[in-house]
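Here's the structure we're looking at; comments come further down.
The values are calculated or read from the model by the stated rules, or taken from the named source; none is laboratory data. Quick caveat, the model's predicted, so the values are computed rather than measured. With ideal geometry, Cβ positions are generated from the backbone for all residues, glycine too; neighbour counts draw on all protein chains shown.
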DNA sequence: GTTTGTGAACCACTTCACAGCC
DNA sequence: GGCTGTGAAGTGGTTCACAAAC
């Protein structure tokens, strides 16, 4: 098997924590500092574990988990070791136990109300997307500024006026905001969300937005993904031609 | 200004090139080996340059470009240095010139026909998404297996049967495939695309897929993004409570 | 015998800091 | 005096390889 490692998406806007006050423990929770790269892989392990559990498998090796997650076994072991020592040498990991630990670490045992801003093509698709619901993520509002779109039904929701954002965020306890507006509106919308108290933002608008350090920001940028693929595709073509 | 660096998405499934035959030049093109992390940022610089050019600005400093791209100036300079020495000390970079060089490097001077497999919520949204078109990426086909969806119009296209994939890929010279199917179909669809000759894949299905080394694979996974945000959000809550 | 957990070695990327050129 | 280009130092992440535990 070829080793096509390196999956995943790296984060943005992370505190980068002043070198002082590094690895503190909080209360009795151990709270090891988990590397960003590891955090980004935990959801992949989580999914692999869910599938494994569904098949009534009781224990799983790092080897097998690696295969399911598309990484190598050493990485799996090191990643999981940041959570604690949940494996048994000579045996592997107890699927149910590990599943629970990972879910807990990721916060999937709680509910995360999500609001979407922008009800165009993409916003509507996101609102209708199954596959979140699975664990804790619930779309509780879709906003738009365009009066023509207000009241339009999307799944169980209706599009609400952006001007209600503050109130709705408060009332429904929105924890995560998704930006699905045109690029030109993205920064303003972000600022409004942050002002309303939202501290986690997922940006789909094709533009750079900035937030204060206390806010987590990640982005998904279709055009960028395509351009990266184009780069490597072109590279391959060049290699074929020359060399 | 706080330094919220670290943007961007890292790749997947990259050759990792056998250590032998490293930095060869092809023909007369210099072809320095550009780090993956740099490649992932070039599209961001590209966008910043386009905006800058639109405002009739003639030269731009690494400082300014960094601001627009949401990174720091040292990174911009190092990144651009992989492409060549296109700046002028004491002055900055000529916007038009740099724009052209970056576009060329990314392969944005050519046309990239894209096919989408899956015409559900997400597939349809992707097909209708403006913001690709901008540079070279043209959706030329949308496929589905569901007979009920065939013939449905999406923008200027109609949904075509998946069984025609081979022929259509050949006839329209599809270079990039996007997977917007349920997870269960993603690996099979990928294999079909690869068999048909597609060498760049963008996977939106929430599952790990694998491809041979010669194929570039990137993924966009909404659920994973949300879970990563949830992790950090929970972390913040814990920090607020304890410590 | 098997498989984890983890120091140590390695590698990729980032940041620093300054010489070199305008 | 200003800004780039880049070696060198620093940081974070990956892989190796093996002792420890079953």
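Taken across segment A:31-41, residues that are farther than 21 Å from residue B:229 by Cα and either within 14 Å of DNA strand D (Cβ to nearest atom) or not in a strand (DSSP E or B) (or both) do not occur at all.
In the set (1) out of contact with any strand residue (DSSP E or B) (no Cβ under 7 Å at 6 or more places or on another chain); (2) touching a residue at least 12 places away in the same chain (Cβ under 8 Å); (3) more than 10 Å from DNA strand D (Cβ to nearest atom); (4) farther than 30 Å from residue A:213 by Cα, residue B:84 fails one condition alone, (3). Looking at B:11, B:18, just one residue is surrounded by 14 or more Cβ atoms within 10 Å (Cβ to Cβ) and at pLDDT below 95, and that residue is B:11.
Within segment A:119-137, the set of residues being part of a loop (DSSP other than H, G, I, E, B) and under 10 Å from residue A:159 (Cβ atoms) comprises just one member, A:119.
Of everything in segment A:192-210, what is touching a helix residue (DSSP H, G or I) at 6+ places or on another chain (Cβ under 9 Å) and either closer than 30 Å to residue B:83 by Cα or in a helix (DSSP H, G or I) (or both)? Give them in sequence order.
Just the residues of segment A:192-210 that are touching a helix residue (DSSP H, G or I) at 6+ places or on another chain (Cβ under 9 Å), to begin with: A:192-193, A:195-210.
Result: A:192, A:193, A:195, A:203, A:204, A:205, A:206, A:207, A:208, A:209, A:210.
Out of segment A:147-187, which residues are modelled with pLDDT of 95 or more, within 14 Å of chain B (Cβ to nearest Cβ) and part of a loop (DSSP other than H, G, I, E, B)? Correct list: A:173, A:174, A:175, A:180, A:181, A:182.
Of all the residues in segment B:71-96, those that are more than 8 Å from DNA strand C (Cβ to nearest atom), in contact with a helix residue (DSSP H, G or I) (Cβ under 8 Å, 6 or more places away or on another chain) and within 14 Å of residue B:49 (Cβ to Cβ) number 9.
Scan segment A:97-112 and give yes if some residue there is away from chain B (no Cβ under 12 Å), away from DNA strand C (no atom under 13 Å from the Cβ) and either part of a strand (DSSP E or B) or without any contact (Cβ under 8 Å) to a residue 12 or more places away in the chain (or both), otherwise no.
Filtering segment A:97-112 down to residues away from chain B (no Cβ under 12 Å) leaves A:97-101.
Still in the running and away from DNA strand C (no atom under 13 Å from the Cβ): A:99-100.
With the extra rule that they be either part of a strand (DSSP E or B) or without any contact (Cβ under 8 Å) to a residue 12 or more places away in the chain (or both), the set shrinks to A:100.
Yes, there is a match, as at least one residue in segment A:97-112 is away from chain B (no Cβ under 12 Å), away from DNA strand C (no atom under 13 Å from the Cβ) and either part of a strand (DSSP E or B) or without any contact (Cβ under 8 Å) to a residue 12 or more places away in the chain (or both).
Every residue in segment B:188-243 that is within 7 Å of chain A (Cβ to nearest Cβ), over 19 Å from residue A:38 (Cα atoms) and surrounded by 16 or more Cβ atoms within 10 Å (Cβ to Cβ), please. Correct list: B:199, B:200, B:202, B:210, B:216.
Looking at segment A:49-67, can you tell me whether even one residue there is in a helix (DSSP H, G or I), more than 14 Å from every other protein chain (Cβ to nearest Cβ) and within 13 Å of DNA strand C (Cβ to nearest atom)? Yes, segment A:49-67 contains at least one residue that is in a helix (DSSP H, G or I), more than 14 Å from every other protein chain (Cβ to nearest Cβ) and within 13 Å of DNA strand C (Cβ to nearest atom).
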